Amino acid sequence: MADSVLYEVTDGLATITLNRPDAMNALNTDTKAALRDALQRAGADPAVRAVLLTGTGRAFCVGQDLKEHVESLAADRENGTRLTMTTVEEHYNPIVTAIAGMPKPVVAGVNGVAAGAGAGFAFAADYRVVADTAAFNTSFAGVALTADSGVSWTLPRLVGHSRASDLLLFPRAVPAQEAYELGIANRVVPAAELAAEAEAVARRLAEGPTAAYAAIKESLAYGAGRPLAEALAKEDELQGRAGASEDHAIAVDAFLKKEKPRFVGR
């Protein structure tokens, strides 16, 4: 694992930390590859029951490392190639797929500015705990690019089509409180409390019914673009799966005994 991405698992929680504070956690090639690999590792590890994605320093992630990007564009012009934008297919798409598609919840602990792809990664998470000093910025149009990192799919689902159009066509810093009012942030906390609060939320999820959380993620993604009848059929399928889980049996037994359930994640 590159030093620019830290990976730690304790008691079922994988904490993945972007660690280029001097560059505001900008995404150079090594960082993108390491983040992709860390997320895929967490998604495939049965010992991991929840993931916390956060950053060090004053930024969550400002998106693409533009210094490296400019150098790559110059090399493309010199060599007659178009390799620069392959990063979307090679890095951004797998990263967002890993966040949104893993069968366990992902919490984004947004410690500072989240811009461009950094905002996209936060949008793809299942829950966003945001420092009151943080802000979101789509950024893409400001550098004459279109949305990537899943933003065209995630942002309209968070704020609606009209607001998503506004935020993409007229990119600006959206402060934490406005992000909460728009539906981007799930929880806003004082910056000094962000690390502890984000970890507490993620740990609560890591101790919960993991298979049920996976079904909830799947049902939300499926139902977003399907007719009611198809969504109901998917709910039936997923509820059958959840009902057969060990955690459901534990929960019912604990309810009857008036005890707190101790889920095992299966």
Quiz item: Out of the stretch 99-124, which residues are touching a strand residue (DSSP E or B) at 6+ places or on another chain (Cβ under 8 Å), within 20 Å of ARG41 (Cβ to Cβ) and not in a helix (DSSP H, G or I)?
Solution: MET102, LYS104, PRO105, VAL106, VAL107, ALA108, GLY109
Quiz item: Name the pairs whose Cβ atoms lie under 6 Å apart, with the first residue in the stretch 203-223 and of a type in the set (A, V, I, L, M, F, W, C), the second buried (at least 19 other Cβ atoms within 10 Å of the Cβ) and not in a helix (DSSP H, G or I), and 6 or more positions between them or separate chains?
Solution: LEU205/ALA50; LEU205/PRO105; ALA206/GLY12; ALA206/LEU13; ALA206/ARG49; ALA206/ALA50; ALA211/SER245
Exercise. For the stretch 214-224, state whether one or more residues are within 23 Å of ILE99 (Cα to Cα) and loosely packed, with under 14 Cβ neighbours inside 10 Å.
Key: yes
Quiz prompt | Residues of the stretch 45-69 satisfying the condition of being closer than 26 Å to ASP11 by Cβ, crowded, with 19+ Cβ neighbours inside 10 Å and among the small types (Gly, Ala, Ser) | solution = ALA50, GLY55
Practice problem: Please go through the stretch 207-228 and pick out each residue that is under 21 Å from ILE250 (Cβ atoms) and among the aromatic types (Phe, Trp, Tyr). | Solution: TYR213
Quiz item: In the stretch 7-30, what count of residues is obtained for those that are surrounded by 15 or more Cβ atoms within 10 Å (Cβ to Cβ) and either in contact with a Lys or Arg (Cβ under 6 Å, 6 or more places away or on another chain) or acidic (Asp, Glu) (or both)?
Solution: 3
Quiz item: Between a first residue in the stretch 115-133 that is on the phi > 0 side of the Ramachandran plot and a second residue that is aliphatic (A, V, I, L, M) and at pLDDT below 95, which pairs have beta carbons less than 9 Å apart while being 6 or more apart in sequence or on different chains?
Solution: GLY116/VAL143; GLY116/LEU145
Quiz item: Which of the residues that make up the stretch 240-266 are surrounded by fewer than 11 Cβ atoms within 10 Å (Cβ to Cβ) and part of a helix (DSSP H, G or I)?
Solution: GLY240, LEU256
Quiz item: Looking at THR133, THR138, THR84, which is the one that is assigned by TED's automatic domain parsing to the domain that holds GLU197 and in contact with a His (Cβ under 8 Å, 6 or more places away or on another chain)?
Solution: THR84
Self-check item: The lone exception for PHE140 - which of (1) under 15 Å from the mean Cα position of the chain (by Cα); (2) among the aromatic types (Phe, Trp, Tyr); (3) surrounded by 21 or more Cβ atoms within 10 Å (Cβ to Cβ) it fails
Solution: (1)
Quiz item: If you check TYR92 against the conditions, is it within 21 Å of ARG20 (Cα to Cα) and in the same structural domain as ARG157 (by TED's automatic domain parsing)?
Solution: yes
Quiz item: Counting just the residues of the stretch 154-193 that are touching a residue at least 60 places away in the same chain (Cβ under 8 Å) and touching a helix residue (DSSP H, G or I) at 6+ places or on another chain (Cβ under 6 Å), which one comes out surrounded by the fewest Cβ atoms within 10 Å (Cβ to Cβ)?
Solution: VAL189
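The values are calculated or read from the model by the stated rules, or taken from the named source; none is laboratory data. The structure displayed is predicted, hence computed values, not measured ones. With ideal geometry, Cβ positions are generated from the backbone for all residues, glycine too; neighbour counts draw on all protein chains shown.
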